[in-house]
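The values are calculated or read from the model by the stated rules, or taken from the named source; none is laboratory data. Quick caveat, the model's predicted, so the values are computed rather than measured. Neighbour counts are summed over all protein chains in view; Cβ atoms, including those assigned to glycine, are modelled from backbone coordinates with ideal geometry. Remember, those area values only see protein heavy atoms, side chains included, never the ligands or the DNA or RNA. Shrake-Rupley method; radii C 1.70, N 1.55, O 1.52, S 1.80 Å.
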Amino acid sequence: MENQEFQVYNTMTKQKEIFKPIEPGKVGMYVCGITAYDYSHIGHARAYVAFDVLYRYLKYLGYEVNYVRNFTDVDDKIIRRANELGEDPISLSGRFCEEFLADMDDLGCLRPTQEPPVSKHMDQIRAMIAQLIEKDFAYPVDGDVYFAVDNFPDYGRLSGRKLEDNRAGERVAVDSRKKNPADFALWKATKPGEPSWVSPWGPGRPGWHIECSAMSAHYLTASFDIHGGGMDLIFPHHENEIAQSCGACSSSKVGYWMHNGFVTQNDEKMSKSLGNFFTIREVTKQYHPMALRYFLMSTHYRSPVNYSIAQLDNASFEVLTLYRALHNCEVALSPYREGNPTDVAAHNGQTVRITPDARKCIDKLHSDFESKMADDLHVVEILNGALKDSLTFINSSLGLLKKKQKQQQKQPSPIQSLVEVEKEVKKILVDLGLLSSSTCSEVLQQLKEKALVRAGMKEEDVLLMIEERTKARKEKDFERSDQIRGLLYAKGIYPEDEGAVTTWWPCVPPEDPKST
C-alpha cells in the first residue's frame with residue numbers, strides 16, 4: 001500500500017509535498033521528546049498523539065518505520081528540580097520518564113522503536129562537537145563550547161528569521177564571551193552541584209540542542225525522512241539542529257519537517273511559564289484517556305486546539321457514543337457468533353451477501369480514511385464524517401434487528417452486514433489509536449466512573465435520585481420528576497428510560513461560562 005500518494009506539509013518549504021522516503025519501503029522518523037523533570041502536560045500529549053497517528057498511518061501504508069523519540073535527562077530544569085528535592089538528577093529524570101511512558105500508554109500511543117536518553121549518548125555528542133570545532137563551526141571558551149552561527153550562512157532557513165533578529169535562545173543566557181550573541185552552547189563547563197562528564201574541553205555536560213543532532217545521526221544516519229515536534233521548537237531548537245547537523249556532515253538532510261499546533265486556552269498558548277497548563281494526569285483523573293486523545297485529534301494537527309471543559313465533555317460523549325454502539329453490536333451478534341464465530345451469517349452452507357447500504361457504508365469509511373489521511377492527516381474529517389455515518393448505520397441496524405427478533409424473523413443478510421461494518425469500524429479505530437485495549441464493556445464502565453468523579457457523586461447517589469424520580473413519575477408528580485432529571489443533567493448524568501427500566505449514562509452538561 002506504500003505506493004499510495006501521501007501528502008505532508010513540510011515546514012521547510014511551507015507547502016504540502018508528496019512523501020517519498022529516502023529508501024523505498026522504509027521510513028526514518030525522529031520526534032523531539034520531553035525534558036523529564038515533572039509530569040507531562042497536555043501540550044506534550046498533543047505532540048505525541050499527533051505523531052502517533054502519523055506513525056500508525058505509515059505502518060498502515062506498509063512502511064517499516066524506525067521511530068526515534070529521545071528523553072532529555074540532562075538539563076538546567078532537571079538539575080534545579082533535583083536540587084530542590086535533594087535527589088540525583090538522573091534518578092529524578094528517569095522517574096519522570098517512566099511516568100511519561102505510563103501516560104502515553106494510557107493515551108493509546110505506540111512505543112517508538114528507539115527511546116534514547118541523553119545521558120547514555122555522551123560519546124556521540126562529544127564526537128559531533130569535536131567535528132564542529134574541527135570544521136570551524138564551533139569554538140571553545142573556558143571549558144564551554146559554542147556554535148558560531150556566522151559561519152553557517154543558511155542559519156534561519158527553517159524559521160525564516162534573519163540572523164540579526166535572532167535571540168540567543170530560550171534556555172541560553174547571553175554571554176559576552178560569544179562571538180555573536182546568537183551563538184548557542186554545545187557544551188557547558190561544569191558548575192558545583194551539577195552532574196558532569198569528561199571531555200577534551202574540560203568536565204561538563206551538553207547543551208540542549210546538540211543532543212538531538214547527535215542521537216538522530218546515531219540512530220537514523222545524517223539524512224533521514226521526517227523530523228517532528230511542536231511549533232515552539234522551530235526556533236531555536238530545530239534551527240540549531242539543522243546548523244549542527246549540516247555543519248558536522250555537509251550531506252545531512254531531513255526530507256520533511258513536521259510540526260504540530262499548540263494547545264491553547266482562551267487563544268493563548270498553554271505553557272508552564274504562563275501557569276495555564278494542565279498535566280495529562282490532572283485531565284485523566286476526570287476524563288477517560290480515550291476522551292483526551294479524541295479531543296486532541298478533533299482539530300487538524302497543524303492547527304491550535306483550544307482547551308476547555310466543554311470541549312472535553314463533547315469529546316468524552318463522542319467516545320461514549322462510539323463505544324456504546326460497538327458494545328450493543330457485540331451483544332446483539334453474540335448469539336450468532338457462538339454458533340459459528342468465523343462466519344456468523346452462513347446460511348444453508350452458503351456465505352450471505354451484505355446489504356447494499358452496508359457495502360456503501362464500508363466503502364465510504366474505507367475510502368474516506370485513505371483519502372483524508374493521505375491529505376496531510378485530516379483525521380477530524382474522518383471522525384466527523386464517515387465514522388459517524390457508520391455508527392448511525394450500526395444503531396439503525398440494531399434497531400431493525402431487535403424488531404425482527406421480536407417477530408421471530410431470521411434474516412442472515414442484516415446480521416452479516418452488521419458484522420462487516422463493525423469489523424471495518426474497529427479496523428479504522430485501531431489505525432487511529434482509538435480502540436482501547438480494554439473491552440467495550442470495560443470502557444463504558446470507565447467512562448461512567450469518570451463521569452461520577454466530575455459530578456462529585458457516588459453511583460449510589462445517582463441510583464437513589466433515579467429511584468426517587470421513578471416514584472415521582474408513578475405518582476404523576478412530573479414537576480418533581482423533571483426537577484430531578486434537571487439536577488442530574490446539570491451534573492453530566494442522563495437518566496435513560498426504556499420501558500419501565502431507567503439506567504443512566506454520562507452526558508454533556510449545560511456549559512458553565514466560568515469553566516471555559
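Details
- Restricting the stretch 25-125 to GluC sites (Glu not before Pro) that sit in a DSSP loop and have at most 16 other Cβ atoms within 10 Å of their own Cβ leaves Glu87.
- Label point distance in nm, Thr190-Lys360, each placed 7 Å from Cα along Cα→Cβ: 7.4
- Of all aspartates and glutamates in the structure, the ones whose alpha carbon falls short of 14 Å from that of Lys59, not counting any fewer than 8 places away in one chain, are Glu2, Glu370, Asp431.
- Alpha carbon centroid spacing (whole Å) that separates the stretch 108-156 from the stretch 263-329: 36
- Checking every one of the trypsin sites (Lys or Arg not before Pro) in the stretch 413-516 against DSSP loop status and a limit of 12 other Cβ atoms within 10 Å picks out Lys458, Lys476.
- Share antiparallel - DSSP beta bridges, the chain, percent rounded to 5: 55
- By definition, a body whose alpha carbon gyration tensor gives a ≥ b ≥ c is oblate when a/c is 1.5 or more and a/b is not larger than b/c, and the stretch 404-502 fits this oblate description.
- Segment Val380-Trp197, extension gain: residue separation times 0.36 nm, minus the distance between their alpha carbons: 61.2 nm
- Dividing the mean sequence gap of close Cα pairs (under 8 Å, 6+ apart) by how many residues the chain holds gives a relative contact order of 15 percent.
- Proximal lysines to Lys178, defined as alpha-carbon separation beneath 30 angstrom and excluding residues fewer than eight positions away on the same chain: Lys77, Lys120, Lys135, Lys162, Lys188, Lys191, Lys253, Lys272
- Accessible area of the chain belonging to carbon and sulfur atoms, whole % at 1.4 Å probe: 49
- Mean residue ellipticity (222 nm) of the chain, computed from DSSP H runs ≥ 4 via -39,500 (n - 2.57), nearest 500: -15000 deg cm²/dmol
- In this structure, the residue pairs whose Cα-Cα separation is over 27 Å, taken from Lys423/Lys448; Lys471/Lys491; Lys372/Lys427; Lys448/Lys471; Lys423/Lys491, are Lys423/Lys491.
- Out-of-range pairs (alpha-carbon distance over 31 Å; input Lys360/Lys450; Lys403/Lys474; Lys360/Lys403): Lys360/Lys450
- According to the Kirkwood relation over distinct C-alpha pairs, the hydrodynamic radius of the stretch 431-473 is 12.3 Å.
- Placed amide H near Trp504: partners under 5 Å, 5+ positions off or other chain: Glu496
- Correct choice for semi-axes √(5λ) of the Cα gyration tensor in Å that was computed from the model, options [x] 51, 28, 18; [y] 40, 24, 23; [z] 42, 33, 23: [x]
- Around the Cα centre of the chain, unit charges on the Cβ atoms of Lys, Arg, Asp and Glu (plus for the first two, minus for the last two) sum to a dipole of about 940 debye.
- Residues whose placed amide H lies under 5 Å from that of Phe71, excluding near-sequence neighbours: Val118
- Shape of the stretch 58-180, Cα gyration tensor, a/c cut at 1.5: oblate
- Heavy-atom accessible area per residue - the stretch 29-148, 1.4 Å, Å²: 35
- Summed side-chain charge close to Lys360 - residues other than Lys360 whose Cβ falls under 14 Å, Lys, Arg +1, Asp, Glu -1: -3
- Relative to the longest principal axis of the Cα atoms of the chain, the long axis of helix 210-220 lies at roughly 70 degrees.
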